[in-house]
1. Which strands (runs of 3 or more DSSP E) sit wholly inside segment 250-366 and have at least 2 residues that are outside the structural domain of residue 387 (by TED's automatic domain parsing) and touching a helix residue (DSSP H, G or I) at 6+ places or on another chain (Cβ under 8 Å)?
2. In segment 100-126, which residues are buried (at least 22 other Cβ atoms within 10 Å of the Cβ), part of a loop (DSSP other than H, G, I, E, B) and in contact with a strand residue (DSSP E or B) (Cβ under 6 Å, 6 or more places away or on another chain)?
3. Answer with yes or no whether residue 307 is within 16 Å of residue 172 (Cβ to Cβ) and either surrounded by 24 or more Cβ atoms within 10 Å (Cβ to Cβ) or without any contact (Cβ under 8 Å) to a residue 12 or more places away in the chain (or both).
4. Among the residues of segment 219-241, count how many are part of a loop (DSSP other than H, G, I, E, B) and within 19 Å of residue 286 (Cα to Cα).
5. Within segment 69-77, identify whether any single residue is surrounded by 15 or more Cβ atoms within 10 Å (Cβ to Cβ), in contact (Cβ under 8 Å) with a residue 12 or more places away in the chain and within 28 Å of the chain's Cα centre (by Cα), and answer yes or no.
6. Given the options 194, 150, 158, name the one that is outside the structural domain of residue 231 (by TED's automatic domain parsing) and within 27 Å of residue 289 (Cβ to Cβ).
7. Can you give me the number of residues within segment 159-196 that are on the phi > 0 side of the Ramachandran plot and either at pLDDT below 95 or touching a strand residue (DSSP E or B) at 6+ places or on another chain (Cβ under 7 Å) (or both)?
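The values are calculated or read from the model by the stated rules, or taken from the named source; none is laboratory data. Since the model is a prediction, treat every value here as computed from it, not as a measurement. As a convention, Cβ positions derive from the backbone with ideal geometry for all residues, glycine included, and neighbour counts pool all protein chains shown.
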């Protein structure tokens, strides 16, 4: 345990990410001005705050550190403004050179539903983990766990990255525990092998929307408004979304098993389906209603280079990079935007020497006030993270280790869409 009260370290903001490669593929970023190195304590709050750090070894190459900065509880009406803290940060560090296990992402029984981080860690047989992606969240929705952005699990792309410029991705190879951050893009299509007709895909495992002007039409072939074209896999749910539109079920060879002018069916192992709504129903039936199709799905970095999907590759989505090449890269938030204000936070990143760091910052409490996005980036930099992103936070923020919560959620622990978990054993495809 260490106790210290050093001065506040300054930092400068840069403008974007730097390039980094996974195998021969970069996730694509642009360098900015280098920030000043942070000192041995967290550069948040007043310089005279006492900071206490307690570390323990969970397994070879895996450590858990708890940092408490500030000693007195915050007044309830000053949580968003106080410079006295306190702040509680839990930091899980994985050293690939010494660790015998692997880091991966997991989503539980199916992609569309939610589970608590503690349950995801436990069901994966993991030693520790944190919540990860942004997800649909609304409890009243049928598919609350649907990721809002990238989801790669065991080399399968189960959710496409969005075009939202704020989305940033964390990708890890469980075979090597090499992890990188950056912004990925996706394109997909299906092509009829006989006619060569092609239809672009818009989403993967995301419920399509029936155009408002055609909501009363049971037969969507009569709709003149554009709808959605979506590919579904058996990992999504026990059945594909039901409703007006059309659905084509394909076997593992891409050949049509059945076609329906309504949506909703159970998929067997190896099957996929294509759903369409609105006027895209006619296009789907024309292109993929009979025969066999070839499916194209391509992930690329910001330079347009392909990211090959292979066993052991996992990827989750976040919102906004925090550091890149040791630089602060947080954008300016709009006035009054609560996303940039103090909240509980979850961080994923890497150090220059290849360590992976997962961290949570408790927030919205008198015992830990949380951090703005600027403060979160300062914490990431002070933890030595060369490249780091902001994962889902707020009420979703949670870290579990050795079967129990080690963070303190701002309310009851929330069920989430997926988690990054460390399993103390070598990665094997399918585990």
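1. Values: elements: 256-263, 272-278, 293-300, 313-319, 321-324, 345-351, 356-361.
In segment 250-366, 256-263, 272-278 are the strands (runs of 3 or more DSSP E) which contain 2 or more residues that are outside the structural domain of residue 387 (by TED's automatic domain parsing) and touching a helix residue (DSSP H, G or I) at 6+ places or on another chain (Cβ under 8 Å).
2. Hits for segment 100-126 are 101, 111, 114, 126.
3. On the way: within 16 Å of residue 172 (Cβ to Cβ): yes; either surrounded by 24 or more Cβ atoms within 10 Å (Cβ to Cβ) or without any contact (Cβ under 8 Å) to a residue 12 or more places away in the chain (or both): yes.
Judged against the criteria, residue 307 is a match.
4. Let us first name the residues in segment 219-241 that are part of a loop (DSSP other than H, G, I, E, B), namely 219, 223-225, 233-241.
Restricting the remaining residues to those that are within 19 Å of residue 286 (Cα to Cα) gives 219, 223-225.
Of the residues in segment 219-241, 4 are part of a loop (DSSP other than H, G, I, E, B) and within 19 Å of residue 286 (Cα to Cα).
5. Within segment 69-77 (the criterion being surrounded by 15 or more Cβ atoms within 10 Å (Cβ to Cβ), in contact (Cβ under 8 Å) with a residue 12 or more places away in the chain and within 28 Å of the chain's Cα centre (by Cα)), the answer is yes, since at least one residue qualifies.
6. Numbers: 194 fails: outside the structural domain of residue 231 (by TED's automatic domain parsing); 150 fails: within 27 Å of residue 289 (Cβ to Cβ).
The conditions single out 158.
7. Filtering segment 159-196 down to residues on the phi > 0 side of the Ramachandran plot leaves 177, 182, 196.
Subset that is either at pLDDT below 95 or touching a strand residue (DSSP E or B) at 6+ places or on another chain (Cβ under 7 Å) (or both): 177, 182.
Number satisfying all stated conditions: 2.
Residues checked against (1) buried (at least 18 other Cβ atoms within 10 Å of the Cβ); (2) in contact with a strand residue (DSSP E or B) (Cβ under 8 Å, 6 or more places away or on another chain); (3) within 19 Å of residue 202 (Cβ to Cβ); (4) touching a residue at least 12 places away in the same chain (Cβ under 8 Å):
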{"site": "226", "(1), (2), (3), (4)": "no, yes, yes, yes"}
{"site": "235", "(1), (2), (3), (4)": "yes, yes, yes, yes"}
{"site": "255", "(1), (2), (3), (4)": "no, yes, no, yes"}
{"site": "273", "(1), (2), (3), (4)": "yes, yes, yes, yes"}
